[in-house]
1. What pairs come out if I take residues in region 63-91 that are without any contact (Cβ under 8 Å) to a residue 24 or more places away in the chain and pair them with residues that are open to solvent by 70 Å² or more (accessible area, probe 1.4 Å) whose C-beta lies under 7 Å away, six or more apart or interchain?
2. It is to be established whether one or more residues within region 12-30 are at pLDDT 75 or above, open to solvent by 80 Å² or more (accessible area, probe 1.4 Å), more than 23 Å from residue 85 (Cβ to Cβ) and assigned to a helix (DSSP H, G or I).
3. What are the residues in region 92-116 that are in contact (Cβ under 8 Å) with a residue 12 or more places away in the chain, among the polar types (S, T, N, Q) and touching a helix residue (DSSP H, G or I) at 6+ places or on another chain (Cβ under 8 Å), if any?
4. Under 8 Å between Cβ atoms, at least 6 apart or on separate chains: pull out the pairs that start in region 39-50 with a residue that is surrounded by 12 or more Cβ atoms within 10 Å (Cβ to Cβ) and end on any residue that is of a type in the set (Phe, Trp, Tyr).
5. Hey, does region 105-113 have a residue that's surrounded by 11 or more Cβ atoms within 10 Å (Cβ to Cβ), more than 30 Å from residue 148 (Cα to Cα) and at pLDDT 95 or above?
6. Looking only at region 129-149, which residues are of a type in the set (D, E, K, R) and either without any contact (Cβ under 8 Å) to a residue 24 or more places away in the chain or open to solvent by less than 70 Å² (accessible area, probe 1.4 Å) (or both)?
7. Does residue 131 satisfy the criteria of being part of a helix (DSSP H, G or I) and either out of contact with any strand residue (DSSP E or B) (no Cβ under 7 Å at 6 or more places or on another chain) or over 30 Å from residue 23 (Cα atoms) (or both)?
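The values are calculated or read from the model by the stated rules, or taken from the named source; none is laboratory data. Because the structure is predicted, anything quoted here is derived from the model rather than measured. Reconstructed Cβ throughout: ideal geometry from the backbone, glycine too, with neighbour counts over all protein chains shown. Each accessible area value is taken on the protein alone, full model and side chains, heavy atoms only, with ligands, DNA and RNA left out. Shrake-Rupley method; radii C 1.70, N 1.55, O 1.52, S 1.80 Å.
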Amino acid sequence: MHRAQLHDRLGSDHAEGRLDGKYLIATSDPHISSEDAALGYKSLLEAGRGFRDLKSSLLLRPVFHRLEHRIRAHVLLCWLALLLTRVAERRTGMTWHRIATELGRIHAVTLTGTAGTAVHTTPLTSTQAGILRDCQVTPPPRITALDPA
């Protein structure tokens, strides 16, 4: 329906303004409650987001496998990755993009000198430490390898 037709139908800008931000959800089941219909619609949006994430962020496709058991394993691993991203998002209150960006800034640094080689991780920021804490993941040790000369 065009805006002009909607305006004619409602009769005033005030009535049109009252509908801003509202959604119309229709169902063919006359016995379903409004709350259940809205919850079903919200779940549908979440499912759509999950499939988009599977195809883009988690690289479900393209699948280069030819054997059925390998394709099934690939899809299962992608589904598990999606599940873990949703758990992390809910526990931290952050988007997966932000979580991945923050944790991607943690690096293992190799220092080599006359005394030998040491590998240590960069210090965690408060945001990184909070993500790991909320997800119940043990932070990496500061020194991961020490090889005296």
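1. Within 7 Å, the pairs are 71/65; 74/65; 89/95; 89/96.
2. No.
3. Matches in region 92-116: 92 only.
4. From residues that are surrounded by 12 or more Cβ atoms within 10 Å (Cβ to Cβ), the pairs are 41/23.
5. Checking region 105-113: not a single residue is surrounded by 11 or more Cβ atoms within 10 Å (Cβ to Cβ), more than 30 Å from residue 148 (Cα to Cα) and at pLDDT 95 or above.
6. First pass over region 129-149, keeping only residues of a type in the set (D, E, K, R): 133-134, 142, 147.
Listed by number, the residues that qualify are 133, 134, 142.
7. Details: part of a helix (DSSP H, G or I): yes; either out of contact with any strand residue (DSSP E or B) (no Cβ under 7 Å at 6 or more places or on another chain) or over 30 Å from residue 23 (Cα atoms) (or both): yes.
When the stated conditions are applied, residue 131 passes them.
Results for (1) among the charged types (D, E, K, R); (2) open to solvent by less than 90 Å² (accessible area, probe 1.4 Å); (3) closer than 30 Å to residue 148 by Cα; (4) in a helix (DSSP H, G or I), shown as yes or no for each residue.
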position: 76; (1), (2), (3), (4): no, no, no, yes
position: 84; (1), (2), (3), (4): no, no, no, yes
position: 98; (1), (2), (3), (4): yes, no, no, yes
position: 101; (1), (2), (3), (4): no, yes, no, yes
position: 117; (1), (2), (3), (4): no, yes, yes, no
position: 127; (1), (2), (3), (4): no, yes, no, yes
